[in-house]
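The values are calculated or read from the model by the stated rules, or taken from the named source; none is laboratory data. In this text, all values refer to a predicted model and were calculated from it rather than measured experimentally. Note that we place each Cβ from the backbone using ideal geometry, even for glycine, and neighbour counts take in every protein chain shown.
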Amino acid sequence: MSEEQFASGDRVKHTRRPEWGVGTITRIEDLALNGHRTSRLTIRFPNGGVKTLISTQAELEKVIGNVDPYLNGDSTNVAAWDKVGEAGWLSGVAERKIKEQMISLPPDVRDPFNSLAKRLSMTMGLYRFDRSGRGLIDWAVAQSGLDDPLSRFTRHDLEQFFDRWAFERENFLGKLAQEARLEPQAVSVAIKTAPQAGADALRRLTAAR
């Protein structure tokens with residue numbers, strides 16, 4: 001739940017739907033919800049369209065300025081690493097970081113401080129991405145931080161990155177399925193909000209072990 005204060009014009013990203021891209025808040029309305037003051041935000045996302053979200057319920061983060069991967073330790077922005085690569089002698093490092101970013105699972109999925117149920121839920125949620133035209137672009141937006149990944153990569157590049165990323169996704173879900181044998185209640189909690197493809201993958205991996 002977000003407690004952050006937002007203003008019209010703020011740039012934000014939805015941490016659960018990074019494929020929407022970085023949106024801009026266009027309207028804020030005060031709202032009373034369950035006896036508490038909150039806000040209804042209207043946000044225009046470049047890849048998600050216009051969304052109306054409740055500030056204390058949506059998982060939103062402000063995006064301030066351009067990401068500098070050296071200063072912020074953030075490797076989720078391909079454009080930032082491209083900028084680093086323009087230095088010439090750092091181009092090899094930047095290219096390697098971009099490749100690592102494109103095949104890495106989100107940090108929160110691997111965070112050991114998150115409960116098993118939450119890690120399962122987030123990992124199964126990644127199965128909303130597939131190799132279809134729309135699925136591939138949504139995945140590439142979420143993975144690269146670029147609103148138009150095809151301006152930086154070819155479709156063939158994206159398909160190759162996706163296949164490697166999907167392999168990592170499947171392996172990691174398999175490890176979580178192994179852990180879940182000792183915590184079956186975590187599966188019951190996580191599977192309630194999972195996309196069908198994610199739930200099917202977990203059942204398949206659980207049956208195979």
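Could you please let me know if residue 130 is assigned by TED's automatic domain parsing to the domain that holds residue 112, buried (at least 19 other Cβ atoms within 10 Å of the Cβ) and of a type in the set (D, E, K, R)? When the stated conditions are applied, residue 130 does not pass them. Being at pLDDT below 90, surrounded by 14 or more Cβ atoms within 10 Å (Cβ to Cβ), in a loop (DSSP other than H, G, I, E, B) and of a type outside the set (Phe, Trp, Tyr) holds for only one residue in 105, 146, and it is 146.
Can you name every residue in region 43-78 that is at pLDDT 75 or above and among the small types (Gly, Ala, Ser)? Correct list: 48, 49, 55, 58.
Does residue 123 count as hydroxyl-bearing (Ser, Thr, Tyr), under 30 Å from residue 12 (Cα atoms) and within 13 Å of the chain's Cα centre (by Cα)? Against the criterion (hydroxyl-bearing (Ser, Thr, Tyr), under 30 Å from residue 12 (Cα atoms) and within 13 Å of the chain's Cα centre (by Cα)), residue 123 qualifies.
Inside region 110-127, can you point out the residues that are surrounded by fewer than 20 Cβ atoms within 10 Å (Cβ to Cβ), without any contact (Cβ under 8 Å) to a residue 24 or more places away in the chain and either hydrophobic (A, V, I, L, M, F, W, C) or not assigned by TED's automatic domain parsing to the domain that holds residue 173 (or both)? Before the answer, list the steps.
As a first pass, look at region 110-127 and keep what is surrounded by fewer than 20 Cβ atoms within 10 Å (Cβ to Cβ): 110-118, 125.
If we keep only those that are without any contact (Cβ under 8 Å) to a residue 24 or more places away in the chain as well, we get 111-114.
Listed by number, the list holds a single entry, 113.
For region 190-209, how many residues meet the condition of being surrounded by fewer than 16 Cβ atoms within 10 Å (Cβ to Cβ) and out of contact with any Phe, Trp or Tyr (no Cβ under 9 Å at 6 or more places or on another chain)? Residues flagged as surrounded by fewer than 16 Cβ atoms within 10 Å (Cβ to Cβ) and out of contact with any Phe, Trp or Tyr (no Cβ under 9 Å at 6 or more places or on another chain) within region 190-209 amount to 7. Of the listed requirements (1) crowded, with 16+ Cβ neighbours inside 10 Å; (2) in contact with a Leu (Cβ under 6 Å, 6 or more places away or on another chain), residue 183 misses just one: (1).
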